[in-house]
Structures are given as C-alpha cells and as structure tokens.
Amino acid sequence: MADPYSVPGITDINKDHFVKASALRGFVKACAIRSTDLCRQAQEYHNMTPSVMCALGRFMTGSLLLSENMKNPTDTQTTIIKAEGPIGGMTCVCDSSFNCRAYPVVSRIEGDESVNVKGAVAGGTLSVIRDIGLREPYGGQVELKTGGIGEDFTYYLMASEQTPSIVALGVLIEKGKIKHAGGMMVQLMPGYDEKDVDYLEKRASGFPDYTYFLDEGFSPAQILDLFLGDPDMKYIEGAPVSFRCNCSKEKMSAGLATLGKADLEELASDEKGIDTECRFCNSKYHFEPADIRALLKENQA
Ligand SMILES: [Zn+2]
C-alpha cells in the first residue's frame, strides 16, 4: 500500500519542505511548511534575541506560504513589516521555488529573554510586493492586526486579496535554540458555501499550536490531514524550502552605481576602499577606490 502521507516532490520529510493539498470538494486549498532548518540558518546569520528569532521565523514562514502561487522562475515576492516596536521591522524576499532570504531591522533587543513577538513588533504595517514580470510590481499593504504575524497575514489575505484564510505560524524555542518551526495556510476558494466556513471555524477552534504537532513528530502533510479531517483530501504537490541569498559583488556594485555622483566621489576618496555587507546573509564585499571610480565613469558615460 502506498504511504498515505507521500507527497509528490518530497523526498525527505525530515528536512524543510512545503506541501499543498486540496480538500472539501476542492473548495479548500491548504498549504503547510516545515521551516526549522531555514530559521536556524537565519539565526546563524543574524544572531537574534528570542523574540526577534521567533518573529523573523514566523515572518519567513508566512511569506513562503504566501509565495506558493508564484509560477515563473523569475517571479519574486518581497514582504515588509514596518514595526513601531523595538524590532523596527523585517524584510523577506521569496523566489518562486521556495527559497527565501530575510533580515530584521534590529537583531538584538535589550532585556529580551522570553519570547514576546507582539511586544517586539507592536503596531505597524505589512506590505506585500509581487514582481511577476508585469510592467510594474503590484501588491498591497495593511495595518498590523496584532503583531503576532500569523493573524497579520490572515488579515492581509482577507483585506487585500479577498481570500478568507487561516494562517497559523510557530517557532518553538527551547533553551535559547530553535527546536521546531513551521506553519500552515488554509484558504477558501471561490464557490465555497457557509457550511465550509463553519466547518473550518470548528476545526480551528482549540486546534493546538502548529509546533506542538511538529514536536510530537507529525509532518506538515500529517498536520494538514489532522486539521482538515477530510477523507477525500488530496496532496497536490510538495517542494523543499530553504534560506538562500543570491548576493554577489556584481549585484552590490549595481547597488552602489545607483548612488549620486557626489556620494560616489566621497567613497572613492577613501584610499582604503570601502566594505559593504549584505543585509540578508552578512557576506562582505570590498571595493577599491579604483572600483568606485570605474562606477563614476560608467555613470557619466
Ligand atoms: Zn547575501
């Protein structure tokens, strides 16, 4: 007999991955992610205090779930939270193959010992910008609902994309280290009826935290099954997910080239050259004064 939890595209359920399922006569699309490894990777890059670690982990997971409907290899999605709280904000960029890169504005909050994501984020806005090869990127922005991130994505999907959704995100920290991370997004598709809404509300009420199930050894596919309780649920696809930065000296140089002439002249006047650092992965790139002068020349050409 085939494994009831085998999902096309997934070879190792003990590594980070995404799964998508369809249920309730096709009127529900459900996606789930295990993001433990990529959250640990982000922690290596950004050395965050507990609330920041949790906030960024939830934010990356929610952003990846949201990015699942991008199709073309060059599509990108940028999600930005501007926060009034001490975290300052977060940025996450996803490609169409479930790779993401992200950073918090402030990595370490003073006195941040136990997890308090809402306290770290407080109020602010959530913006989603999609670049899918149209003339202009498009997107939407909402005020943060609670700062807990999951509720904020739920609210964004309803207010900006008119899609009733349940988004649950979690990062479990034990002894200062990330033990599990993941989340799910369950959405009603056009044509659903009120009974489907009631059904999902009942399933959601009292459903434990997503990371509780990861901690109990359930895979994302199994968690979707537990949540939906629909014997006709079908797994549609799966894919590995990861933290991956695509920075390079060329890209950094292209960024520098957008500076004005006066700024570039000032940078070129430092005979030691300048060091730039990628905000997503901390990679450092050194530019000699001659490199900067070459950019100035190109700008004038
Ligand atoms: Zn980078």
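Where a number appears in this text, it was derived from the coordinates with a stated rule and is not lab data. Everything numeric in this text was worked out from a predicted model, so none of it was measured. Because the Cβ atoms are built from the backbone with ideal geometry, glycine has one as well, and the counts that use them run over all protein chains shown.
Under 5 Å from the amide H of residue 189 lie the amide H atoms of 28, 29, each residue being 5 or more positions distant or on a separate chain, with H modelled from the backbone and absent for Pro and chain starts.
Each label was represented as a point 7 Å from its Cα along the Cα-to-Cβ direction; for residue 262 and residue 113 these points are 4.9 nm apart. Of all DSSP bridge pairs formed entirely within the chain, close to 95 percent run antiparallel.
Taking 27 Å as the limit for the C-alpha separation, the pairs 175/284; 20/82; 15/234 exceed it in the case of 175/284; 20/82.
The helix-based estimate of mean residue ellipticity at 222 nm for the chain, built from -39,500 (n - 2.57) per DSSP H run of four or more residues and divided by its residue count, is -10000 deg cm²/dmol to the nearest 500. Temperature 10 °C, viscosity 1.306 mPa s: under these conditions the Stokes-Einstein estimate for the chain, based on its Kirkwood radius over C-alpha pairs, is 77 µm² per second. The radius of gyration of the Cα set in segment 70-187, together with its Dmax, comes out at 15.0, 48 angstrom. Just going by the charge dipole of segment 17-243, with Lys and Arg at +1 and Asp and Glu at -1 on Cβ, which of 149, 186, 173 is farthest out on the positive end? Farthest towards the positive pole: 173.
Arranged from fewest to most other beta-carbon atoms within 10 Å of their beta carbon, 225, 16 become 225, 16.
Of all complete DSSP H helices in the chain, those with a Cα span along the helix axis of 18 Å or greater and a mean Kyte-Doolittle hydropathy of 1.0 or more are 50-66. What you get for the chain, charging only the Cβ of Lys and Arg (+1) and of Asp and Glu (-1), is a dipole of about 220 debye around the Cα centre.
Farthest towards the positive end of the charge dipole of the chain, among the residues 163, 235, 197, is the Cα of 235, using unit charges on the Cβ of Lys, Arg, Asp and Glu. Over all projection directions, the Cα-based convex hull of segment 210-301 averages an area of 10.3 nm².
Phi angles of segment 90-102 translate, via the Karplus equation with coefficients 6.51, -1.76, 1.60 and θ = phi - 60°, into HN-Hα couplings of 8, 10, 9, 10, 10, 9, 8, 10, 6, 9, 9, 9, 7 Hz per residue; Gly and Pro are given as x. For segment 17-243, the relative contact order works out to 29 percent when only alpha carbon pairs closer than 8 Å and six or more residues apart are counted.
When the Cα positions of 93, 52, 63 are compared along the charge dipole of segment 5-96, 63 comes out farthest toward the positive end, with charges on each C-beta of Lys, Arg, Asp and Glu. Loop-resident trypsin sites (Lys or Arg not before Pro) (DSSP state other than H, G, I, E or B) in segment 145-183 with no more than 13 further Cβ atoms inside 10 Å of their Cβ: 175.
Separation of segment 199-265 from segment 25-76 is 2 Å, based on Cα centroids. Exposure proxy for 46, 286: other Cβ atoms within 10 Å of each Cβ, ordered fewest to most, give 286, 46.
Charged side chains reduced to their Cβ positions (Lys and Arg at +1, Asp and Glu at -1) give segment 249-300 a dipole of some 200 debye around its Cα centre. What FRET efficiency do you get for residue 14 and residue 300 if R0 is 51 Å and r is their Cβ-Cβ distance, rounded to the nearest 0.05? Result of the calculation: an efficiency of 0.40.
Roughly speaking, what is the stretch gain from residue 138 to residue 209, that is 0.36 nm per residue apart minus the C-alpha to C-alpha distance, in nm to one decimal?
Extending this stretch completely gives an extra 22.3 nm.
Phi angles of segment 274-285 translate, via the Karplus equation with coefficients 6.51, -1.76, 1.60 and θ = phi - 60°, into HN-Hα couplings of 10, 10, 10, 9, 6, 5, 7, 10, 6, 4, 10, 10 Hz per residue; Gly and Pro are given as x. By the count of neighbouring beta-carbon atoms within 10 Å, fewest first, 36, 61, 276, 258 end up ordered 258, 276, 36, 61.
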